[in-house]
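Asks: Submitted below is the structure of interest, expressed as structure tokens.
The values are calculated or read from the model by the stated rules, or taken from the named source; none is laboratory data. Model, not experiment: these values are computed from the prediction. No Cβ is skipped: glycine too gets one built from the backbone with ideal geometry, and neighbour counts run over all protein chains shown. Protein only, heavy atoms only, side chains kept; ligands, DNA and RNA dropped before computing areas. Shrake-Rupley method; radii C 1.70, N 1.55, O 1.52, S 1.80 Å.
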Amino acid sequence: MKKLTGTFRSTQWDPFLLIAQIVAMQALLYVSLGSIMFVMDLFAEANHTLDHLFEYHEIHVTDIGGRLVIFAFVLNSLCGSGLLWFIVRRTKLCLDFSVTFHFIHLVVCWWYNSAFPSTISWWMLNAVCTALMCVCGEFLCLKTELREIPVGYSALNNKVDL
């Protein structure tokens, strides 16, 4: 009796791929956040500084500048979900990569400010953005993973006819 050993979705741990995906996600998310923040700063007629990305006191709802920073982070989470779909392509890994990005962002903010983020608005925004990026990324990846796989002779003929 022949034993079936398929290779579909084999999960082999590849540390180089994992690190490359983390670095790519981190870099692309900061590029998209910086680009979105640049446009938001143009609307608010504010100075373009790194404080908007890493200074946790910039996240507030008291003025238009703070609200635009919040909107930029939320919009970046939606971009992040698209990047999860494009780079990671695994539903099971969306939570891991979302939390990893925001954890590294926490460390960078901590280093940038020389103090641990202490405002509730910073923590709430990052929790919402993590959840939003994870859920939307899982939705996109799940749509791709659940696509029908053509099996059989008729599927092969349809592919040749195209």
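Asks: If you wrap a convex hull around the alpha carbons of the stretch 94-153, what volume per residue comes out, as a whole number of Å³? Don't jump to the answer; show the numbers that get you there.
Replies: Working: hull volume 4.1 nm³, N = 60.
Expressed per residue, the convex hull around the Cα atoms of the stretch 94-153 is 69 Å³.
Asks: Still on this structure: Read phi for every residue in the stretch 59-71 and hand back ³J(HN,Hα) as whole Hz from Karplus 6.51 cos²θ - 1.76 cosθ + 1.60, θ = phi - 60°, with x for Gly and Pro.
Replies: Calculated HN-Hα couplings, in order: 8, 7, 10, 6, 9, 5, x, x, 5, 5, 4, 4, 4 Hz.
Asks: If you don't mind, another one. If one takes the longest principal axis of the Cα atoms in the chain, at what angle in degrees, from 0 to 90 and to the nearest 10, does the Cα axis of helix 120-145 lie?
Replies: 20 degrees
Asks: Got a sec? Charge dipole of the chain, +1 on Cβ for Lys and Arg, -1 for Asp and Glu; which of Q12, T144, T130 is way out at the positive end?
Replies: Most positive-ward Cα: Q12.
Asks: In the stretch 53-90, whose amide N lies under 19 Å from the spot 7 Å out along Cα-to-Cβ of D14? List them in ranges.
Replies: So the set is 83-90.
Asks: Considering the values (1) 8.5; (2) 13.9; (3) 8.1, which represents mean projected area of the Cα convex hull in nm² as calculated for the structure under consideration?
Replies: Computed from these coordinates, mean projected area of the Cα convex hull in nm² corresponds to label (2).
Asks: Pull out the extension gain between D63 and I104, defined as 0.36 nm times the separation in residues minus the alpha carbon to alpha carbon distance; nm, one decimal. Please report the intermediate quantities before stating the final value.
Replies: Details: separation 41, 0.36 × 41 = 14.76 nm, distance 2.76 nm.
Extra length from D63 to I104 when fully extended: 12.0 nm.
Asks: Using the Karplus curve 6.51 cos²θ - 1.76 cosθ + 1.60 with θ = phi - 60°, what ³J(HN,Hα) values do you get for each residue of the stretch 39-50, in whole Hz, with x for Gly and Pro?
Replies: 5, 5, 5, 5, 5, 7, 6, 9, 6, 8, 9, 6
Asks: Tell me the per residue accessible area of the chain using a 1.4 Å probe; a whole number in Å² is fine.
Replies: Numbers: 10900 Å² over 162 residues.
It amounts to 67 Å² per residue over the chain.
Asks: In debye, nearest 20, what is the charge dipole magnitude of the chain about its Cα centre with +1 on Lys and Arg Cβ and -1 on Asp and Glu Cβ, if you could check?
Replies: Numbers: 10 positive and 12 negative charges, 217 e Å.
Here the size comes out at about 1040 debye.
Asks: Over the chain, with every protein chain in place, what whole percent of the accessible area is carbon and sulfur at 1.4 Å, could you tell me?
Replies: Working: 7520 of 10900 Å².
In the chain, the share of accessible area belonging to carbon and sulfur is 69 percent.
Asks: Could you run the Karplus curve 6.51 cos²θ - 1.76 cosθ + 1.60 with θ = phi - 60° over the stretch 110-117 and give me ³J(HN,Hα) per residue in whole Hz, x for Gly and Pro?
Replies: Going residue by residue, I get 4, 5, 4, 8, 6, 7, 6, x Hz, with x marking Gly and Pro.
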